[in-house]
Amino acid sequence: MRLTEFEQQASERLDMAVQLSCSESPASRYGLSAGEHARLDAFRYPQRRQDWLTGRAALKALLRRQARSADTAAIEFPAPQWSLTHAGGIALAAGTCTGTARIGIDYEVLRDVNSRMARWFLDDTEQAWLAGLGDASAARQLIRLWTIKEAAFKTHPGNQRMLLGDFSISDPAARGVVNVRSNRGLRIRVHCDAYRRGYLSIAGVQA
């Protein structure tokens, strides 16, 4: 599925204007503002710098599309109108211009995972559903559920003091739009589907 198709589906299913951009290459250091250079210099490890620059490339493309300044230095996450994710050598940025709506994004590449990690972020009902699947299917679905909860997590303004286990999926088997609720009562809708080599989830909250 192309990103433009995913964007259209997410906009329709979440009933909000979703805008997506993707980058497989890092932003040029020569095009960074002084504030962005300061952020980049704060990262100690080369891979973290590379990931950050690739994320900036995706975010800058999205901001230009929204006719905004491409200087990202002032954007702090979680940011209501924008969200970022990195995986598999790419970065994806999500944004919305729908009033006071909040947005979150997560992308994960399919890979071998330890099934025991389920207990760290799934509740009893979600774990029971997962346990009823075959091993190969369970591994894929574990990653799918992770992206759903991670995207929902990113929409929550107080997530610095929260865990993925604080979010519950109403129906783990649901396809298309999935309803998620935080332990603080926030209701979140998430569009999740296969994308490239994994799963991509876009979460939206209408404030």
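The values are calculated or read from the model by the stated rules, or taken from the named source; none is laboratory data. All figures in this text were calculated on a predicted structure; none of them were measured in a lab. Note that each Cβ is placed from the backbone with ideal geometry, even for glycine, and that neighbours are counted across all protein chains shown.
Values computed for the structure shown
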read-out: Any chance A118 is touching an Asp or Glu at 6+ places or on another chain (Cβ under 7 Å) and crowded, with 17+ Cβ neighbours inside 10 Å; value: no
read-out: Entirely in the stretch 104-207, the strands (runs of 3 or more DSSP E) that have 3 or more residues that are in contact with a Leu (Cβ under 8 Å, 6 or more places away or on another chain); value: 187-195, 198-205
read-out: Only one of L186, L92, L110, L133 that is farther than 21 Å from L3 by Cβ and touching a residue at least 12 places away in the same chain (Cβ under 8 Å); value: L186
read-out: Matching residues, the stretch 172-207, being crowded, with 20+ Cβ neighbours inside 10 Å and over 17 Å from the mean Cα position of the chain (by Cα); value: P172
read-out: Verdict on G55 being closer than 19 Å to R197 by Cα, at pLDDT below 95 and out of contact with any Cys (no Cβ under 7 Å at 6 or more places or on another chain); value: no
read-out: Subset of the stretch 121-171 that is of a type in the set (K, R) and either in contact with a Lys or Arg (Cβ under 9 Å, 6 or more places away or on another chain) or loosely packed, with under 14 Cβ neighbours inside 10 Å (or both) - its residue that is nearest to L186 (Cα to Cα); value: K154
read-out: Single condition S69 does not satisfy, out of (1) touching a Lys or Arg at 6+ places or on another chain (Cβ under 8 Å); (2) assigned to a loop (DSSP other than H, G, I, E, B); (3) not aromatic (F, W, Y); value: (1)
read-out: Residue list for the stretch 161-186, filter: modelled with pLDDT of 95 or more and of a type in the set (K, R); value: R181
read-out: Of all residues in the stretch 92-127 being modelled with pLDDT of 95 or more and among the small types (G, A, S), the one that is farthest from S23 (Cα to Cα); value: G104
read-out: Within the stretch 24-66, considering residues that are part of a helix (DSSP H, G or I) and in contact (Cβ under 8 Å) with a residue 40 or more places away in the chain, the one nearest to G95 (Cα to Cα); value: L62
